[in-house]
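Taking it in order: structure first as structure tokens, then the write-up.
What follows draws every value from the coordinates through simple rules; no lab data is involved. A quick note: this is a predicted structure, and the numbers were derived from the prediction, not measured. Here the Cβ is made from the backbone with ideal geometry for all residues, glycine too, and neighbour counts use every protein chain on show.
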Amino acid sequence: MPFAPVNGIELYYEVTDFTCPWKGEPQVLILLHGLHGHLGWWKYFQVATLAQEYQVITLDQRGHGKSFKPATGYSIEILASDVCELLKYLRVERVHLIGASMGGMVGLQFALSYPNLLQSLVLVDSFPYCPESIRQTIEQWISDTQVKGYPNLMQSFNQKYGAALFSPAFLREHPGFLAFDTWSVLNNLMPDIAFISCCRAIQDFNVLDRLGEINMPVLVITPSEGLAYEEGLRMQQRLPHAELWAPQGVGHSVHIEIPAEFNTRVLQFLRDVQFYNH
């Protein structure tokens, strides 16, 4: 299994490339999962499609999946540095980046810290800071983890929060999804300290006043209503070169709920970026 030595830990990653070799070297696209996720979520819906046009790198961020799970080092800045060091290890000079939720925060920090490495950025229901209502919810997760442990929290997590994270229509159409999601998380458990530290990293993150420094093209993807839409619209308006896609009837994980539409919209954005760069 491929592991990269990154910032004192071993980071698990996968590279998938289904592009036609006679068409030249493909551009690189890196995908970053959200809190308590793993690279498998991209494999289910995105990798096979996107890898027909790009060399796709997926990874388990530190503390997640198969990557090492140290007791420290969970700021968004360090997670962005991990991505930078992975690209150095793979000798990749520039990438497009898609980040979901916490992964989008890492993407924003990566854009600010390493702008020369980034060609474009796609943010999937992510924020440049932690809104108060989300901060309070995360604080409850931290408290519950401290009391009963991360595995016990995750066993009942979707019973409490599933309806808030996924749209009613999606859950009706896929009645077995939440049970599968719970199974997936329980098979990729994080140590309590890793989960709590990532929660704190999300709470501490704030680059709202620095969005004007991000000069590469950005696609902001968000549900069409509620706090996510309001914050996504505000972010898009502050970013110098951003567009907003807000599909209706979806929840937090747009790439999971409507993968075909998501892949089509993202590929169109990436093609436009390449066209204008030429």
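Values computed for the structure shown
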read-out: Matching label, Rg/Rh (Cα atoms, Kirkwood Rh) computed from the structure shown, candidates (i) 0.93; (ii) 1.07; (iii) 1.12; value: (i)
read-out: Counting all C-alpha pairs of segment 1-84, share separated by more than 19 Å (%); value: 39
read-out: Partners for LYS160 among aspartates and glutamates (Cα-Cα distance below 16 Å; same-chain residues under 8 apart left out); value: GLU139, ASP144, ASP181
read-out: Peptide ranges 20-27, 231-238 listed from the most packed, as the mean C-beta count within 10 angstrom indicates; value: 231-238, 20-27
read-out: Cα gyration tensor shape of segment 137-179, rounded if a/c is under 1.5, else prolate or oblate by comparing a/b with b/c; value: oblate
read-out: Per-residue Cβ neighbour rank within 10 angstrom, fewest leading, ILE202, ILE30, ILE142; value: ILE142, ILE202, ILE30
read-out: Cα centroid separation - segment 213-278 against segment 178-211, whole Å; value: 22
read-out: Under 13 Å from the Cα of LYS66 - aspartates and glutamates, other chains or at least 8 residues apart; value: GLU10, GLU14
read-out: Geometric extent, Cα atoms of segment 179-224 - Rg, Dmax (angstrom); value: 16.2, 41
read-out: Segment LYS23-SER184, length gained on full extension (0.36 nm per residue, minus Cα span); value: 54.2 nm
read-out: Coarse-grained scattering of segment 74-115 at q = 0.19 Å⁻¹, given as base-10 log I(q)/I(0) from a Debye sum over alpha-carbon atoms; value: -0.49
read-out: Segment 135-150-segment 41-114 distance, computed between alpha-carbon centres (Å); value: 25
read-out: Fully extended contour minus Cα-Cα distance, from ALA169 to GLU230, at 0.36 nm per residue; value: 19.8 nm
read-out: Ellipticity estimate at 222 nm from DSSP helix runs (n ≥ 4, -39,500 (n - 2.57)) divided over the chain, nearest 500; value: -14500 deg cm²/dmol
read-out: Viscosity 1.306 mPa s, 10 °C: Kirkwood-radius Stokes-Einstein D of segment 142-278 over Cα pairs, µm²/s; value: 91
read-out: Net charge, ILE78 excluded, C-beta distance under 13 Å - Lys, Arg +1, Asp, Glu -1; value: -2
